[in-house]
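The values are calculated or read from the model by the stated rules, or taken from the named source; none is laboratory data. If you're wondering where the values come from, they're calculated on a predicted model, not measured in any experiment. Cβ placement follows ideal geometry from the backbone for every residue including glycine, while neighbour counts extend to all protein chains displayed.
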Amino acid sequence: MDTAQSTTSKDAGVHRHRAQLAANAETALRHATIRHARHDQMVVSKYNVRKRQPDNTVLKGLVITHGVLQNLICFEQLKNGKPTGLLEIVSGRQRHTVVGEAIAEGLLPEDYGIPYLLVTEDEAIDISLAENCGRVDMHPADLADAMLALAQHGRAIDDIALTYSLAPIEVRRRLKLAKVAPRLFELYRNDQATLQQMIALTITDSHKAQEHAWEALPANRRMPAELRRLLTSRAIDISTDRLGKYVGMPAYEHAGGVIRRDLFSDTGTGYIEDTALLYRLATNKLQRYRDKLMKSEKLHWVDMELDGGPALSQYRNVRHIPAPLSEQQTLWLNAMQERLALLDERLAAIDDDENDASYQDIVSERDELVAQLHAIHYTRSLIPHPEDLPLAGAVVYVGADGVVQVVRHLMRPGDADKMRGPTQEPAAAPVRPRATVPPEDRLTPDLISHRTAALQAELIDKADIALRYVTYVLVQQVLAAGAATAMAQIQLVRSPLVGTAASGPAAKAIAERRSALGALLPSDGKSLLTWMTEQDDATVLQILAYCVATAIDTKRTDAKSSPEFRVLAQALKLEMRKWWSPTAAHYFKHLTKAKMIEIVRTAISDEAAVPLEKLPKEVVACAAERALSNSRWLPTALRID
């Protein structure tokens, strides 16, 4: 009840105040005299609160054809109590403007008489307020200027608050806003700066400091927080600060900067307090470096980021592909692959290797060929994807040591959607051979790929574990002892599945999840980041789990000796027989007959193995598949414990 009464009382006070303004204006106008004056005898008054210039095309046509039909309202301009001969306009600025344009274009005579009502300065204030009260299209900059003019004319804060239906504290804030450097405030009035930027500048009353801070930052870095930081930063040690080292003491002092030193300061040390000057010098120097780099390397674009690391996160790398093989490498590759195919045929034809002296010779030759193939593939350098190059550019920034760093082959945030085609799955690379290769381990690369697929398939459904695993990876790069100190970008590289794993049950589950998640992503042109911020946690975590899962690569680690693999597999409760089974076609036919019998004996029993000794190899492979169909047996490469 008390609140309602207070609100009603306040509204009544506002209405009474506005009614008084209107009455004062009506009285002033009733006693005013209409006169005429030339355009050059009039200037816009500070009490004319609307300073933005609207489109005057229609009004100009009316003035040219019919003249000024509605009079302006003016008062005599005084300086030191004496008339200057000029009239200040409090109402009719647009009419005055179009008359000036018409005279300049020769459409009206220079001595054209503009009708106006002459009032006193005090009356002019009431008239201006009465005209603008209740109108809602006034720009905040105009409103702040109007309040400042009233305050400078002696109007009380409470009086101004009643006039504009605002709380006194809001009036004080707007008065503070009107004290921003005029040049910067005009940018705000013309919508070339934001209200939040103006608020940040009001942390100091120094127009010089405000303008220095504004000029020190490039347009894309003039965030309120950056402006506020420049205006409130404390003294900087120029010998340790990265921008101080980059600019250097001589350049800073030559630009008028003062370095504060004490009696114990060594040569090359000291403190600076004009942070804005330091930023401006650093920006200008980096701009020159940028221009030179862009010209010398013929880059499509080069962005400057003084702060480097944090700002780089908004860019993404272009896609990379392996460099083409040379003609000689291609010839070697074809010859080795033909030889490998021949050796595989010979190995498959051997029925029992126990007494075959040539078996180990064939295996040794095969392993040597595989090693040579790896030498060709793994030494290929990566080059930017040709389709991404038209969008590619670079970023230059100042590193922690004060030296310019350049990161090339980047795409700007909005350019990722302009790629001509979807990012292709990485080409499958050959797998490194084991140092010692027992006969059955010719299948190790294929089995490891199954292990990778299984781990990925389990992880796509475990967002909580994916989150912890990716955090573990990042901690190694950022926080762990001995981590690299050079700036690094986080990049997930998808691990390709090779051999039979590429068509196995785990690969199918991964493909189905990729299709489902792909259908969720925006296809209407909306920014991916915008879309991502609108999703609930469950959706984001599901996508995160898939992305992390596809980067898992167990070829890089040994299951038995790697705590990382064991911990992750145990957390996921990985059960390999869910994703892989030994079949005749994909596993047993690639082993020797003796090895297949040994597996049956180990996994099942001696009794089950004995009848297989007199059967042909192909029959033994099928029999081994049937015998192990309900077994939990796994080859060494797939075992977790």
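Looking at the stretch 550-587 only, could you name the residues that are surrounded by fewer than 16 Cβ atoms within 10 Å (Cβ to Cβ), modelled with pLDDT under 85 and among the acidic types (D, E)?
Hits for the stretch 550-587 are D558, E564.
Just to be sure before I move on: is E211 of a type in the set (D, E), under 23 Å from L286 (Cβ atoms) and at pLDDT 85 or above in the structure I sent?
Against the criterion (of a type in the set (D, E), under 23 Å from L286 (Cβ atoms) and at pLDDT 85 or above), E211 qualifies.
Residue pairs, Cβ under 6 Å, 6 or more apart or interchain, first in the stretch 575-598 and of a type in the set (D, E, K, R), second modelled with pLDDT under 85 and assigned to a loop (DSSP other than H, G, I, E, B). List them.
Hits for this filter: K593/D351; K593/D352.
Please find, within the stretch 437-461, the residue that is modelled with the highest pLDDT out of those that are surrounded by fewer than 19 Cβ atoms within 10 Å (Cβ to Cβ) and out of contact with any Ser or Thr (no Cβ under 6 Å at 6 or more places or on another chain).
Among those residues, the one meeting the criterion is D461.
Taking the criterion of being at pLDDT below 85, assigned to a helix (DSSP H, G or I) and either among the hydroxyl-bearing types (S, T, Y) or within 30 Å of K589 (Cβ to Cβ) (or both), would at least one residue in the stretch 274-283 satisfy it?
Yes: one or more hits.
Out of A585, A569, A608, I need the residue that is assigned to a helix (DSSP H, G or I), within 21 Å of I448 (Cβ to Cβ) and of a type in the set (G, A, S). Which one?
Criteria check complete, one pass: A569.
Among the helices (runs of 4 or more DSSP H) contained in the stretch 479-549, which hold 3 or more residues that are at pLDDT 75 or above?
505-520, 537-549
If we only count helices (runs of 4 or more DSSP H) wholly inside the stretch 144-199, which ones have 3 or more residues that are closer than 30 Å to P218 by Cβ?
168-177, 182-189
Can you run down the residue pairs with Cβ atoms below 7 Å, 6 or more apart or on separate chains, where the first is in the stretch 510-527 and more than 16 Å from I460 (Cβ to Cβ) and not assigned by TED's automatic domain parsing to the domain that holds I543 and the partner is surrounded by 11 or more Cβ atoms within 10 Å (Cβ to Cβ) and modelled with pLDDT of 75 or more?
From the stretch 510-527, no pairs qualify.
Using the structure shown, decide if L231 is in a helix (DSSP H, G or I) and without any contact (Cβ under 8 Å) to a residue 40 or more places away in the chain.
no
Here is a list of conditions, (1) modelled with pLDDT of 80 or more; (2) of a type outside the set (S, T, Y); (3) exposed (fewer than 12 other Cβ atoms within 10 Å of the Cβ), and M1 meets all of them except one; can you say which number that is?
(1)
What residue, of L217, L201, L243, L175, is in contact with a Gly (Cβ under 9 Å, 6 or more places away or on another chain) and not charged (D, E, K, R)?
L243
Would you mind telling me which numbered condition in (1) surrounded by fewer than 16 Cβ atoms within 10 Å (Cβ to Cβ); (2) modelled with pLDDT under 75 T120 fails?
Just one mismatch for T120, condition (2).
Of the residues V363, V407, which is in contact with a helix residue (DSSP H, G or I) (Cβ under 8 Å, 6 or more places away or on another chain), modelled with pLDDT under 85 and buried (at least 18 other Cβ atoms within 10 Å of the Cβ)?
V363
Could you please give the count of residues in the stretch 184-228 that are among the hydrophobic types (A, V, I, L, M, F, W, C) and closer than 19 Å to P140 by Cβ?
Residues in the stretch 184-228 being among the hydrophobic types (A, V, I, L, M, F, W, C) and closer than 19 Å to P140 by Cβ: 12 in total.
Exactly one of these conditions fails for S364: (1) small (G, A, S); (2) under 30 Å from D291 (Cα atoms); (3) free of Cβ contacts under 8 Å to residues at least 60 places away in the same chain. Give me its number.
Checking S364 against (1) small (G, A, S); (2) under 30 Å from D291 (Cα atoms); (3) free of Cβ contacts under 8 Å to residues at least 60 places away in the same chain, the one that fails is (2).
State yes or no: is L107 in contact with a helix residue (DSSP H, G or I) (Cβ under 6 Å, 6 or more places away or on another chain) and either among the polar types (S, T, N, Q) or modelled with pLDDT of 85 or more (or both)?
yes
Considering only residues that are of a type outside the set (A, V, I, L, M, F, W, C), outside any strand (DSSP E or B) and modelled with pLDDT under 85, which ones fall in the stretch 288-323?
Within the stretch 288-323, D307, G308, G309, P310, S313, Q314, Y315, R319 meet the criteria.
Assuming I599 fulfils every condition listed in (1) farther than 20 Å from R626 by Cβ; (2) in a helix (DSSP H, G or I) apart from one, which condition is it?
Result: I599 fails condition (1) only.
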